[in-house]
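Below is one structure; the comments refer to it alone.
Only the coordinates and a few stated rules stand behind these numbers; no lab work does. In this text the structure is predicted, and so the values were computed from the model without any measurement. FYI the Cβ positions are ideal-geometry reconstructions off the backbone, even for glycines, and counts take in every protein chain you see.
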């Protein structure tokens, strides 16, 4: 896809994407999380290492994810992240909020002049 077709991640959405990825896929290392989000977006979203690791740090500080050291598929030491119970509750609340907002946006975008 040409570079001009890449989409920036809306502020505040990356943390939700990370939580959903960990909920769906189980524990992953940072690179794996970023690649999965890119894959699901069909490469419309591109995440650099700094962006994903800033999100992972924020989520750890909020205790929405945990981290443990392990070995990656290419036999390298890597930090694996997993969603916590608190993170699951946050994911559920944020998902509900985003679905409500998306519904409102859909209604607004379909409005016709009166």
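Each Cα pair under 8 Å and six or more residues apart adds its separation to the average, and for the chain the resulting relative contact order is 27 percent.
Helix-only arithmetic for the chain: the sum of -39500 (n - 2.57) across DSSP H runs with n ≥ 4, divided by the residue total, places the mean residue ellipticity at 222 nm at -18500 deg cm²/dmol.
Based only on the alpha carbon positions, what is the Kirkwood hydrodynamic radius of the chain, in angstrom? Mind dumping the intermediate values first?
Numbers: mean 1/r = 0.0647 Å⁻¹.
In the chain this quantity evaluates to 15.5 Å.
Expressed in nm to one decimal, what extension gain is obtained for the pair residue 42 and residue 110 from 0.36 nm per residue of sequence separation less their Cα-Cα distance? Show your work: numbers first, answer last.
Numbers: separation 68, 0.36 × 68 = 24.48 nm, distance 2.60 nm.
Value of the extension gain: 21.9 nm.
What angle, in degrees between 0 and 90 and rounded to the nearest 10, separates the Cα long axis of helix 49-61 from the longest principal axis of the Cα atoms of the chain? In the chain, helix 49-61 runs at an angle near 80 degrees to the longest axis. What the Cβ-Cβ distance of residue 74 and residue 13 gives, at R0 = 41 Å and to the nearest 0.05, is a FRET efficiency of 0.90.
For the pair residue 49 and residue 99, the difference between a 0.36 nm per residue extended length and the Cα-Cα distance amounts to 15.2 nm.
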